[in-house]
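Derivation of every value follows stated rules applied to the coordinates shown; laboratory data play no part. Please read all numbers here as calculations on a predicted model, not as lab measurements. FYI the Cβ positions are ideal-geometry reconstructions off the backbone, even for glycines, and counts take in every protein chain you see.
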Amino acid sequence: MSDFVPEVEENEGEEDTPMVASNSKPESTNPNIQAEPEQDFSRRFINDKWYGKYGDDGNLLEHVGDDWVPVDPEMEELLSQLWFEQEEQEKNSNAHYDWDPEKNEWVPKAKKEGEEEVNEDFIAEYQANYGVQYEEIYKKMDEEIQQKTAQAVEEEEKKKERKRKKKLGLKGDKGKEEGWVDRSGKVFAVYVSNLPLNITEEEFTEFMSKCGVIQPDFRTNKPKCKLYRDDDGELKGDGR
């Protein structure tokens, strides 16, 4: 458990909220954090959260609950930039705060003799030197988010298309075209042999209708069935 719990007040996070914490070292139960007692531990209030690190080159830690945990690697670059900006601002600001453990609150640090005040010229120079870097970081993050969003939309469209083809029983881009079927060059006639020699046209038509659909003759509009006869006109026992 950490011995540091930031005091929450109603006006916390406003412009008059101190941004710099004390240099006392926290005790963390997180196994991923190796404490370095020989180095000072600094805390800063950035974007409504507390962050800290050991020394100048330590990894950034985030205060979550009652413990300090490593920050998200994707956010480390941005947070490091914000941390650096606060440091630069403090060097030229007369609003440097120190943590008073007896009062359990932040108190303004006494202004040192010869310390430069923050004025309009300093702010203009600061924005000219560090504003571009800050904008570039946000621009890069926006581009990455847009790229990931476009990829997700494209993948979702492909997934829907695969489901649609699967539902229709199609594979890949090879699908059966809907509409008329080309039957040119194909014979659908059924030949039947060993028929009784005394079978009539009506009986043969009734028999064939039980086997499937009979195509009508476009000239007579009658079922297209035929019994074969010899030269004398007698039935041969076959037909179609």
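Compared with the alpha-carbon gap, the fully stretched path from residue 231 to residue 194 is longer by 11.5 nm at 0.36 nm per residue. Between residue 76 and residue 224, full extension at 0.36 nm per residue minus the direct alpha carbon distance yields a gain of 44.9 nm.
Modelled spin-label separation between residue 205 and residue 85, with each label point placed 7 Å from Cα along the Cα-to-Cβ direction: 9.3 nm.
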